[in-house]
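Below: one structure, written as structure tokens.
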Amino acid sequence: MTSFQKIHEICEKCDNYNFCFGEGPKVEDSKSNQSCCDTIGIVKKKIGMTGDQNSSKNSLSLMLTYRCPCKCSYCGIVQKNLDMSKKVLFDAVDYLSRDKKPLLKFFGGEPLLRFDLIKEAVEYSKKKGFDIRFSIVTSGVGLKTEMVKYLKENDIKVMFSIDGDRESNIFRFPAKQNENHKRFSEIKNNLKTLINTGVDVFVNMVIFPQTLSRVQKNIRFLMGLGIKRIQLGYQIGTMWQKKDMELLKKELRKLPGQFSKERIMNYSNFCEPVILSQEVVVDTDGKVYYDAAMFTERFFPELRNAYYIGDIKNIESLESLEMKKEDIFGTFFSAISKDEEKKKMLLNNIQMGIMFNDVFSESESDKIANNENPFFKTLLYGDFETQENFKKKNNIKLDSLYLFINTSCENNCIFCKNKKCEDSDIKEIERKLRMNRKLKKSKISLIGNDVLLHEKIIEIVELCNKYGFKKIEIMTSGNRLFDRRLVGDLAATGADITFSLPIFGKDSSVHDIITQNPGSFEKVIQGLKNIKNYKNLNAIIHTNILKQNMGSMEELESFVKNDLDQAFTILPVRPKDSIVPYSKLMPRYDEMISSLKVSSLMGFPLCVTGKIQEKLMPHYDDISDAMKLYFFDQKFIKLKCCSSCKLYKSCAGTFREYVKFNGTREFKPFVKNLQGSCSVRREHRFLSC
């Protein structure tokens, strides 16, 4: 099992140390002074962990003009006397209209200099009946009253560039002091006008090495102007020093205690590293590029050729332009491969982006990190072919393909937070399922909050059947199985369906308290009875051990295995942003050892599991594919004291947050050869990665 822990002393001196997610030693001697890393391979893997940009999938940026009244120190755009023609503008609008509710972004230069083109695009779209959303990226310089009115009337969203208070903006405008003050006053007043008029506006605030200590002060300044949402960025095209990165990381980690996550947009977007942006932009002449070709042209002019896609008139669809971050990186790196200084700058700026991604993936609850393992986002959200390649490359023995489906959840579990989401679009679901025509896989796991709550769940199952999936696993709370008609309709599809669902107690007095959904226990139990009426329906049960249910865990295991006759697994609760803080949920290991007599534990340190049950892992088939992924999708660590344990290579480890709250004295490594009563079962193929 991958430990995700770096142990080489030499690693700490490596330029790529912060890229490395810790594959474990490739040499036996942990004090080896030989570096064993593949720089480019490590960077690609780390980039893949940040996820792909959702915003780039149905959006297009237009370079209306290269002219700009500002000369921002960090801007990578090469200013020229070039503007977009109406013909190119209309071609771009026509092209974008093929997508469902796409977003057209007006970009520059300063797009306000060609506000006439903005109006032309909006009016042309109205005339044609296109359902297009619009936004503009602006410094605010040159904003006039009639422009503000038009933005408001046409619901054009504004990304406004301002980097904090007057003193911080000195580093943005390398002009004389009086000119700087005049420009800042204009920008600030125009921002206040947009806010007071009710235009949908958010601020993009760039952080410089010189403004690291002013991050909180600048956020407060902008919020004092009335800004509700702020996106934080950092200077691109400069070499960030390690000490400055560390200082910025500390400053960013203080934000949750000072500001609501809803106010800082970085907590909810996936755009890092920005230097590897997947956004697509149409140039003034109609040529299409990935946008770093323009916003980093001053630093990396080579990208003009490398990032060229084609002409707007000849491109089939936005979907055809999708490019993964790892591939973007490969193209970028190849373009500058002969320039060592540029390669260093690229890697440095990627490192900044990865740091941003990691920090803003952390949760507020107990001030602990969200324990999703970003390495496995590929399995959670990647397309099927990418999943298969990922599993093969990393030797991951999981049978299913995975399809994440957005839904809400009826439960409001104390270790989670009630999730109210719009259902995934059925057309997008079918597009992803269609990819199995090539792969011809037979098993799929539909994962999400509660997949059975999707209003078109029957159609989704039928589509799975249509595209070759004969075995379907559905992740659910189990509540909807109470509906006999739904269960009958699912059975009638003819698919072999297994439901992966939780039960937290042997009766409602425990289960319903944890789900905070009165009646949920009775619904689940009746649902399990309902599926017993059909040969092609089955269930696999799991639970999370909590302080709130540990006292009845033995009874729950007996109830599920004997009374319900179902497979059962007991999992640890993941540290994350939850209703009840992690420190008040997870029991101590020594408490588990002294009080538990169960046989279904999975995902705990093996030195703990081995003192509670005879077999260190449940049977492979007793664990749903959804829960196998849940097991992988966590950030485990191993302690220094673990290195002498005979089970070191087979053990997942523990959570950093567990150690934070409970210390390390409970961890007692097995230092003698183990007898057969305490051995890892080799049929657990998914542990071999």
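The values are calculated or read from the model by the stated rules, or taken from the named source; none is laboratory data. Just so we're clear, the structure is a prediction, and the values are computed from it rather than from any experiment. Cβ sites come from the backbone with ideal geometry, for glycine too, and all protein chains shown count toward neighbours. Note: areas computed on protein heavy atoms with side chains; ligands, DNA, RNA excluded. Shrake-Rupley method; radii C 1.70, N 1.55, O 1.52, S 1.80 Å.
For the reader, a short list of remarks on this structure follows.
- In order through the range 75-85: 3J(HN,Hα) via Karplus (6.51 cos²θ - 1.76 cosθ + 1.60), integer Hz, x for Gly, Pro: 5, x, 7, 8, 6, 9, 8, 10, 10, 7, 7
- Cross-link pairs beyond the 21 Å C-alpha cut-off, checked among K86/K188; K101/K427; K576/K660; K344/K640; K432/K535; K417/K532: K86/K188; K344/K640; K432/K535; K417/K532
- In this view, the solvent-accessible surface of Y234, computed with a 1.4 Å probe and all protein chains in place, comes to about 10 Å².
- Each Lys or Arg adds one and each Asp or Glu takes one away; over the other residues whose Cβ falls under 11 Å from the Cβ of S558, this sums to -1.
- Per residue accessible area in Å² of the range 400-513, where ligands, DNA and RNA are left out and the probe is 1.4 Å: 43
- By the rule of a C-alpha distance below 13 Å, with chain neighbours fewer than 8 residues away ignored, the aspartates and glutamates paired with K119 are E146, E153, D155.
- The amide H of F499, built 1.01 Å from its N in the peptide plane, has I474, N538, A539, I540 as neighbours under 5 Å, considering only residues 5 or more places off or on other chains.
- Vicinal HN-Hα couplings computed from phi for the range 584-599 (Karplus, 6.51 cos²θ - 1.76 cosθ + 1.60; Hz; Gly/Pro x): 9, 10, 7, x, 5, 5, 5, 5, 5, 4, 7, 10, 8, 9, 9, 9
- M223-I579 FRET efficiency (beta carbon distance; Förster radius 22 Å; 0.05 resolution): 0.25
- Between E385 and R253, residue separation times 0.36 nm minus the direct Cα-Cα distance comes to 43.9 nm.
- Phi to ³J(HN,Hα) by Karplus 6.51 cos²θ - 1.76 cosθ + 1.60 over the range 236-250, Hz, x for Gly, Pro: 9, x, 9, 8, 7, 6, 4, 5, 6, 4, 5, 5, 5, 4, 5
- Around G488: net Lys/Arg minus Asp/Glu count, Cβ-Cβ under 15 Å: +3
- Interchain or long-range residues, amide H under 5 Å from I405's placed H: I447, G448
- Prolate/oblate/rounded call for the range 75-199, Cα gyration tensor, a/c under 1.5 rounded: prolate
- Around V510: net Lys/Arg minus Asp/Glu count, Cβ-Cβ under 14 Å: -4
- Gyration tensor verdict on the range 192-298 (Cα atoms; rounded if a/c is under 1.5, prolate if a/b is larger than b/c, oblate otherwise): oblate
- Sequence of D155, D450 when ordered by accessible area, the most exposed leading, probe 1.4 angstrom: D155, D450
- Among the listed pairs K105/K287; K254/K635; K243/K584, those with a Cα-Cα distance over 26 Å are K243/K584.
- Mean-position separation - Cα centroids, the range 242-268 and the range 71-106, in angstrom: 31
- Residue pairs, from the table K397/K615; K466/K529; K391/K649; K128/K152, whose Cα atoms sit over 24 Å apart: K466/K529
- Of all DSSP-defined beta bridges confined to the range 435-559, some 0% are antiparallel rather than parallel.
- Calculated FRET value between R588 and K640, using beta carbons and R₀ = 22 Å, to 0.05: 0.60
- At R0 = 22 Å, FRET efficiency that the Cβ-Cβ distance of K192 and L82 yields, to 0.05: 0.10
- A straight line joining the Cα centroids of the range 273-291 and the range 563-582 runs 44 Å.
- Between R67 and E341, full extension at 0.36 nm per residue minus the direct alpha carbon distance yields a gain of 95.7 nm.
- Our estimate of slack between D563 and H619, defined as 0.36 nm per intervening residue step minus the Cα-Cα distance, is 18.2 nm.
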